[in-house]
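Undergrad: Sending over a structure as structure tokens; questions will come in a sec.
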Amino acid sequence: MIAKDICERVLQEAVSTGADYAELFAENTVQHSINMLDKKVDSINDAVIAGASIRLYKGLRSVMASTVDTSEAGLLRCARKAADALGEGTAEIAISLRERLYGDIHPVRIVPSTAPNSEKLVFLKDAYFAAQEYSDAIRQVNGTFLDVDHRILIATSEGLYAQDRQIRTRLTIQAVAEHNGETQTGTCGPGRRMGLEVFTDVVDPKETGIEAARQAVTMSKAGYCPAGVMPVAIGNAFGGVIFHEACGHSLEASSVAYGTSEFTGKLGQQIANPKVTAIDDGTIPGAWGSINIDDEGTPARKNVLIEKGVLKTYMIDKFNARRMGLPATGNSRRQSYAYTPTSRMTNTYIATGTDTEEEIFGSMEFGLYAKAMGGGSVNPATGEFNFAVNEGYLVRNGKICEPVRGASLVGKGSDVIRNIDMVSSNLELAQGMCGSSSGSIPTSVGEPLIRVSSITVGGR
């Protein structure tokens, strides 16, 4: 996107007032989406995000400036503004860049941006009408097809000159069902770091629509969940959002480095049940949250965060690595050039265990099966969280019984990971968008079916 010699001159300007580290980040992102509503195409949207940012460090000071003008003159002006903001000084670094090729473990067979909308619409219509026709109870279906072609370039005063291209494709169906005058919503949104081939090789669009409608119809007929403290079995795939929110954010250096995480200073300590091994892995081929390099140019890697209950590492970006005296882990991410990157998750999941589903449900005299989790919130400093349960069932005497709605899970991250006492082997990942200080980024969450021995369930 930007020639190496231009990057060298821009970085040299950036360090002219004494910065000990400089970074140029540039991007060109093309995004397409098609939306269906009321059985017809409602909108087609195209967007281009293009620009660059200059970021400087001097010790534990950090300055960033951004621009949409990626000409050499525009980049030099941006570098000068960042350098002036850092303060007075003289350059102590001579910039010399060498290109590095990290390879791509996420091959794309059909680049979505090269395909006509009519081809994408086939997949969207298959999913949409599968949901619409699932039941007479379905009152509305909203469907979206999304593809993103995200190109980035990173050049640094350490000599790095690297580029990456991230192509992602996703299909989301939301169905609304009505029963006795009340409505409930079901959602299914599979996505991958793949091209259009994902909907012929991996994901069945019709099954996507059917799953959204099934959940909506099931919950429309459900009674309300009772409240209380009880054992809860949490389903696989998107059930992993409970670890992502309740614990994952508290393991990011953006909290840990400042002492605002409940897990600060606990490396090597037993923080979870020995049955819990938790991993953040940006190297899974084709996974929604995968990257080749992070947004600082650090190669993606598999980070074992918790091993058999023991805290092994945090997720660390370069700036917070300075504060913590630990190496960066390939977790620095940002929504776009306009955001300052920081430590974020990629594909985060609880690893497989040895318990069977029959053993997990059989151990519950009375409790809740949270088959599908919804959104939630967490305070990383305290670990306190609150999650909605999108699809839930009561469990009595080891049997899954009637569906219940209105359930929520309330607790504290450090408590819930100690109370995960059974873990099965049916690990799956699910896709989502994670919002934090560096914007909204694609991440995967996951787990096998797990049991939390005791947790507060909100309901009626």
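The values are calculated or read from the model by the stated rules, or taken from the named source; none is laboratory data. Everything numeric in this text was worked out from a predicted model, so none of it was measured. Backbone-built Cβ (ideal geometry, glycine too); neighbour counts: all protein chains shown.
Undergrad: So if I check each of R460, R418, which one is basic (K, R) and closer than 23 Å to Q270 by Cβ?
TA: Going through R460, R418 in turn, just one is basic (K, R) and closer than 23 Å to Q270 by Cβ: R418.
Undergrad: Moving on. Quick one: would you say S53 is among the small types (G, A, S) and surrounded by 19 or more Cβ atoms within 10 Å (Cβ to Cβ)?
TA: Yes, satisfied.
Undergrad: Are any residues in the range 33-47 surrounded by fewer than 19 Cβ atoms within 10 Å (Cβ to Cβ) and either touching a strand residue (DSSP E or B) at 6+ places or on another chain (Cβ under 8 Å) or outside any strand (DSSP E or B) (or both), and if so, which ones?
TA: Scanning the range 33-47 gives S33, N35, L37, D38, K39, V41, D42, S43, I44, N45, D46, A47.
Undergrad: What is the one condition in (1) surrounded by fewer than 24 Cβ atoms within 10 Å (Cβ to Cβ); (2) more than 24 Å from S424 (Cβ to Cβ); (3) at pLDDT 95 or above; (4) not small (G, A, S) that E262 does not satisfy?
TA: E262 satisfies every listed condition except (3).
Undergrad: Quick one: which residue in R460, R451 is within 19 Å of C225 (Cβ to Cβ) and in a loop (DSSP other than H, G, I, E, B)?
TA: Step by step, each of R460, R451 is checked, and only R460 is within 19 Å of C225 (Cβ to Cβ) and in a loop (DSSP other than H, G, I, E, B).
Undergrad: Condition first: outside any strand (DSSP E or B), surrounded by 16 or more Cβ atoms within 10 Å (Cβ to Cβ) and at pLDDT 95 or above. Now tell me which residues in the range 358-405 satisfy that.
TA: I360, F361, S363, M364
Undergrad: In the range 1-21, which residue that is of a type in the set (D, E) and touching a residue at least 12 places away in the same chain (Cβ under 8 Å) is nearest to A79 (Cα to Cα)?
TA: The qualifying residue nearest to A79 (Cα to Cα) is E13.
Undergrad: Here's another thing I want to ask about it. So which residues in the range 423-442 are over 27 Å from G406 (Cβ atoms) and either among the hydroxyl-bearing types (S, T, Y) or outside any strand (DSSP E or B) (or both), if there are any at all?
TA: If the condition is that a residue be over 27 Å from G406 (Cβ atoms) and either among the hydroxyl-bearing types (S, T, Y) or outside any strand (DSSP E or B) (or both), then S425, L427, S436, S437, S438, S440 are the ones that fit.
Undergrad: Related question: Would you mention how many residues in the range 74-126 are under 30 Å from the mean Cα position of the chain (by Cα) and among the basic types (K, R)?
TA: Number satisfying all stated conditions: 4.
Undergrad: Can you tell me which residues in the range 415-431 are in contact with a Phe, Trp or Tyr (Cβ under 9 Å, 6 or more places away or on another chain) and either farther than 26 Å from S261 by Cα or surrounded by fewer than 19 Cβ atoms within 10 Å (Cβ to Cβ) (or both)?
TA: If the condition is that a residue be in contact with a Phe, Trp or Tyr (Cβ under 9 Å, 6 or more places away or on another chain) and either farther than 26 Å from S261 by Cα or surrounded by fewer than 19 Cβ atoms within 10 Å (Cβ to Cβ) (or both), then L427, E428 are the ones that fit.
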